Amino acid sequence: MKQLTYRILLNPEPEGGYTVTVPALPGCVTWGEDIDHAIEMAKEAIEVYIESMVASNEKVPDESKTLEYALTLNAAV
């Protein structure tokens, strides 16, 4: 077993809850009623996604060495 690291993005939904995406795993999206539930659902979604990749002999990405920065800028929108 190899330990893998993934970033997840939690976006609040207007009707409540959070949509979770996993940038390193295209199409890996889930939802949770609150932050804790969203994180729990993300773990499950990632596990299923990786199982599918392994079954298809696809290379499984790992973000353990990825650096992340948040940028704030002014834009005319």
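What follows draws every value from the coordinates through simple rules; no lab data is involved. Here the structure is a predicted model, which is why all the values come from computation and not from measurement. Cβ: placed from backbone, ideal geometry, glycine included. Neighbour counts: every protein chain shown.
If I fit a long axis through the Cα atoms of helix 35-55 and take the longest principal axis of the Cα atoms of the chain, what angle between them do I get, 0 to 90°, rounded to 10?
Between helix and principal axis, roughly 40 degrees.
Once phi is turned into ³J(HN,Hα) by the Karplus curve 6.51 cos²θ - 1.76 cosθ + 1.60 with θ = phi - 60°, what whole-Hz value does each residue of segment 20-26 show in order, with x for glycine and proline?
Each residue of segment 20-26 in turn: 10, 10, 10, x, 6, 10, x Hz.
With only Lys, Arg, Asp and Glu charged, each at its Cβ (+1 for the first two, -1 for the last two), find how big the charge dipole of the chain is about the Cα centre; round to the nearest 20 debye.
460
Gap in Å between the Cα centre of segment 57-72 and the Cα centre of segment 1-47?
Cα centres, segment 1-47 to segment 57-72: 15 Å.
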